[in-house]
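Heads up: the structure comes next, in structure tokens.
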Amino acid sequence: MAKETNPAPNPVDLHVGLRIRLRRKEMGVSQEKLAEAIGLTFQQVQKYERAANRVSASKLYEMARALKTSIAYFYEGLPEGDAEGLESVEARPGAQAFLLTAEGLELADTFPKIRRARVRRRILDLVRAMVEEEDEA
């Protein structure tokens, strides 16, 4: 049986990697500083954030300490229970990829700071209209 060379990352690994990146950015910590704090290279931190490599339990523990958070933080937002709940995570690979960009991360950080729900809704409507316009062009 042939082994697949580059299988898609597990959705849980993608989620954990994204949460590592979000917390690191939130704390203003560079990949280099985080890597130094946990005894790795910054390239390894990059691989964890992209889910190219899985994070071991001991490294996740060290990251939680270095980023002053709980281990549970990295799993927040994942569905509880059986594997069927992962379908919602797997169905949104574009959202995960977007959040791994500088713009996506900044938008995810900034958008919730808009307190008025009506303003957030109108921004969302504007973005949808722009996408529709792009699709028509």
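The values are calculated or read from the model by the stated rules, or taken from the named source; none is laboratory data. Just so it is clear, the model here is predicted, and its values are computed rather than measured. Quick reminder, even Gly has a Cβ in these numbers, built from the backbone with ideal geometry, and neighbours come from all protein chains shown.
Can you pull out every residue in the range 68-78 that is touching a residue at least 24 places away in the same chain (Cβ under 8 Å) and within 15 Å of the chain's Cα centre (by Cα)?
Matches in the range 68-78: Tyr73, Phe74, Tyr75, Glu76, Gly77, Leu78.
Need pairs with beta-carbon distance below 6 Å; first residue at positive phi and within the range 43-62, second surrounded by 15 or more Cβ atoms within 10 Å (Cβ to Cβ); sequence gap 6+ or separate chains.
From residues that are at positive phi, the pairs are Ala51/Pro9; Ala51/Asp13; Ala51/Leu14; Ala51/Gly17.
Give the residues of the range 6-53 that are polar (S, T, N, Q) and either touching a strand residue (DSSP E or B) at 6+ places or on another chain (Cβ under 8 Å) or not in a helix (DSSP H, G or I) (or both), sorted by residue number.
Result: Asn6, Asn10, Ser30, Thr41, Asn53.
Can you name the number of the only condition in (1) touching a helix residue (DSSP H, G or I) at 6+ places or on another chain (Cβ under 8 Å); (2) within 24 Å of Ala8 (Cβ to Cβ); (3) at pLDDT below 85 that Asp109 fails?
(2)
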